[in-house]
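Taken together, the values in this text are just the output of simple stated rules run on the coordinates, not laboratory data. This structure is a prediction, so every number in the text was calculated from the model and none was measured. FYI the Cβ positions are ideal-geometry reconstructions off the backbone, even for glycines, and counts take in every protein chain you see.
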Amino acid sequence: MASLQASCTVLSTNPRSHSSSSTQPLSAKPSHLFTHSRRSHRFQVSCDAKKNVETFQGKIDRRNMLLGLGGVYGAANLVANPSAYADPVQAPDFTKCGDAHDVATGAALDAKCCPPLADKIIDYKLPPFQLMRIRPAAHRASKEQVTKYEEAIRRMRELDTTDPQDPRGFMQQANIHCAYCNGAHDQVGFSNLDLQVHNSWLFFPFHRWYLYFYERILGKLINDPTFALPFWNWDNPKGMTLPPIFDKTNSPLYDAKRDPNNRGSAVVDLTITRSTDNLQLVANNLTSIYSEMVRSVSTTNDFMGKPYCAGTNPSPGPGSSENGSHTGVHWWVGTKDTSGPNKLNEDMGNFYSAGRDPAFYCHHSNVDRMWTIWRDVLKTDVPKDITSANYMNAEFLFYDENKQLVRVKACDCYDQRKLGYDYERIDLPWLNYRPPKKATKAKVSNISDAKTAASVLPINLKKTVKVIVPKSAKGKADEQLMLQDIQTDTTKFIKFDVFINDEDDKIEELDRAEYAGSFAQVPHKSKNKQGKSNISLRLTSLYEDIDVADDDTVVVTIVPRSNGEDVTIGGIKIVPVPPRSS
């Protein structure tokens, strides 16, 4: 089999413009949107960095793990020897796939997620292409594009009846997400650890490959190699409703298991503030996207997700986009009724069933687009590409449009253009949604009920909590807030927001200088039912907007939005932003 290693290269970013609506690809013009100093776009981080790593055996000091490393070792040695954990996650073994499980009870679901078996696995090579596929915004898609899309989905659904084992069928494609995300696959060599592609640096590359093959399968079914999957443009007010193409009850794009309150003209609530004011919803959405794309991001991992390697616990920490708008759309679209046969939020409301809604793929098309914008368009001082071998060599298995089981690597999907697709250019109004500076300096003494971290840790979020946290330095500082050991019940939808020096307590309004960021989680199965994550929120711009240069401490307000009683935060501190790679 041909190896993909030779094709894995680190790609430098090339800033592009998104400044006006047109049918031209995303990469058509140079960007002039940001004026920050240009820095290296490569970022070295690895699970074998010199720090503690969370494994199934507990926290291990990486420096100790590296001592005595040498020679070739097998899976048995990996279990016995924590020093072997500096390996990329391997593609799952389909022959050992098990049932996904009910996130509430642990019992097997009435859902068989396991893919059909194949005689061989082929190392995938990107095929040549004649024309770049340009993914259109769903609300702007032409009649011809919609007709092709509906026909392709209709034929994909037909395969469920004519050949249920065809890996290109609608349910087989939906089951990919179920198996990778809800406990059907174990990590190779670690039968007591789930393989989970969410809440880590695997999130973006896995879903990019997933949509790549899904799109090619749809094109094959209608014999159109130029077919391009639309994207749900929820980052633009014109696209902040469920795209009408998904809301026709007689269409193959329709899914009955959606929240009936969020159809028609209902404005998507990316932030789960549940505001009844549509203008405030739009403002919250745009502010939140600006935060997750720019304002709260200190490092590459803040956007991409925390490192996740073989033998380490799943879900070390989501990136800002996955943690934000991505999760908000899942919650908003999915049913809120838990009286279904599996006692779960269906379809988009849970990882196991999300792929059963055609809107899921258009939603993730926009999630993927946000990665391209962050990498190709935004000029920030944060490196854009992860060059750790543990990230680059992470593997996934998919069936291609010819029903061949293929192995792919994360490093081969850095650049969407090399995969033969790009995005229609659409305005980015969220670029102008940095919150306005606060008119008057907040007085920490005016914020009642604030307590020191030592007196409240660990923090349970059954109600709003206010914590006094020391800054790492006085004056104009480049700092980040770290929330550590966030333990959650993975069976629940979780959401909380974070504010700094918020004396106004207008918690339904996120378009304020005090808003720092969020944490959110889609329900899913985990072996121990308890997830543990960490997030970092950059405070540099926020400090400028609320004027805390002369303060030694700030008050961090944490507002639970959903199931706060099932959240415990083990640590909270402010530290300097780590130095950039040169």
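Can you classify the range 183-340 as rounded, prolate or oblate using the Cα gyration tensor, where a ≥ b ≥ c are the square roots of its eigenvalues, rounded means a/c under 1.5, and otherwise it's prolate if a/b beats b/c and oblate if not? Oblate.
Tell me whether the range 163-238 comes out rounded, prolate or oblate; compute the Cα gyration tensor, take square roots of the eigenvalues as a ≥ b ≥ c, and use a/c under 1.5 as the rounded threshold. It would help to have the intermediate numbers written out before the result.
Numbers: a/c = 2.59, a/b = 1.36, b/c = 1.90.
Note, shape of the range 163-238 comes out oblate.
Normalised Debye scattering of the range 466-518 at q = 0.21 Å⁻¹ gives log10 I(q)/I(0) of -1.00, counting only Cα atoms as equal scatterers and leaving out solvent.
Counted by Cβ distance under 9 Å from G517, the other residues give a net charge of 0, where Lys and Arg count +1 and Asp and Glu count -1.
For the range 356-439, the extents of the C-alpha atoms along the principal axes are 60, 34, 22 Å, listed from largest to smallest.
Distances between every pair of Cα atoms in the range 313-392, grouped in 10 Å steps from 0 to the bin holding the largest one, split as 15, 38, 30, 13, 3 percent.
Note that the range 292-297 has calculated 3J(HN,Hα) couplings of 6, 8, 10, 5, 9, 9 Hz, one per residue in order, obtained from phi through the Karplus relation 6.51 cos²θ - 1.76 cosθ + 1.60 (θ = phi - 60°); glycine and proline are x.
Peptide packing: for 452-463, 288-299, 147-158, the average count of neighbouring Cβ atoms within 10 Å per residue gives the ranking 288-299, 147-158, 452-463, highest mean first.
What does the charge add up to near V329, with Lys and Arg as +1, Asp and Glu as -1, over the other residues with Cβ less than 12 Å from its Cβ? Please list the in-between numbers first.
Working: positive: R258; negative: D235, D259, D269, E322, D357.
Its environment carries a net charge of -4.
3J(HN,Hα) along the range 512-518, derived from phi through the Karplus expression 6.51 cos²θ - 1.76 cosθ + 1.60 where θ = phi - 60°, amounts to 10, 4, 6, 6, 9, x, 8 Hz, with x in place of Gly and Pro.
Entry note: the range 473-582 has Rg to Rh equal to 1.01, where both radii use alpha-carbon atoms and Rh is the Kirkwood radius.
Other residues lying with their Cβ under 11 Å from the Cβ of M132 contribute a combined charge of +3, Lys and Arg counting +1, Asp and Glu -1. For a straight C-alpha distance cut-off of 23 angstrom, the lysines reachable from K492 (same-chain residues fewer than eight places away being disregarded) are K112, K257, K306, K336, K343, K462, K463, K525, K527, K529, K532. Look at where the Cα atoms of the range 214-247 and of the range 376-426 average out, and the two centres are 19 Å apart. Which ³J(HN,Hα) values in Hz, rounded to whole numbers, follow from the phi angles of the range 129-140 under the Karplus curve 6.51 cos²θ - 1.76 cosθ + 1.60, where θ = phi - 60° and Gly and Pro get x? With the stated coefficients, the range 129-140 comes to 9, 8, 10, 6, 7, 9, 6, x, 5, 4, 6, 10 Hz.
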